[in-house]
Amino acid sequence: MKRAKHIESAYNMRSLPHGWSTKVNDQEKHQYCTNKFIELANELRLEEIDPTLVSGALMTASGVYATYIAAGNDGALESSGVDKVIAVYRRTLEHHQEVKKAQLKQKTKQA
């Protein structure tokens, strides 16, 4: 993998109603990337690939990319690096579950 050069692209620029452009913040970029991965997962599901396999493949790809970010193409994570990645995954998943539970609770109140 090569590190990408920074370029202005559709994901980091947006048009505002009055026609101006502004930089998109990191949270919005994160959501954009997340949505792209979900779109890909849904495309694979439409190819009749088991969702468990799709989920596993996304996790593997994430691990491969996390290793690349931390250690480059020719490196690998030591045990402590693996633990750090696991901790980030755990916090991310726990946060997502908290958000989902809050959304479900809100839906129940509205019903």
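Can you spot a residue in region 59-78 that is exposed (fewer than 10 other Cβ atoms within 10 Å of the Cβ) and not in a loop (DSSP other than H, G, I, E, B)?
Taking region 59-78 and keeping what is exposed (fewer than 10 other Cβ atoms within 10 Å of the Cβ), we get 73-74.
Then keep just the ones that are not in a loop (DSSP other than H, G, I, E, B); that gives none.
No, there is no match, as no residue in region 59-78 is exposed (fewer than 10 other Cβ atoms within 10 Å of the Cβ) and not in a loop (DSSP other than H, G, I, E, B).
Matching residues to (1) farther than 15 Å from THR34 by Cα; (2) in the same structural domain as LYS36 (by TED's automatic domain parsing):
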| position | (1), (2) |
| --- | --- |
| LEU46 | yes, yes |
| THR52 | yes, yes |
| MET59 | no, yes |
| TYR65 | no, yes |
| VAL85 | yes, no |
| ARG91 | yes, no |
| GLN106 | yes, no |
| GLN110 | yes, no |
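The values are calculated or read from the model by the stated rules, or taken from the named source; none is laboratory data. Everything numeric in this text was worked out from a predicted model, so none of it was measured. FYI the Cβ positions are ideal-geometry reconstructions off the backbone, even for glycines, and counts take in every protein chain you see.
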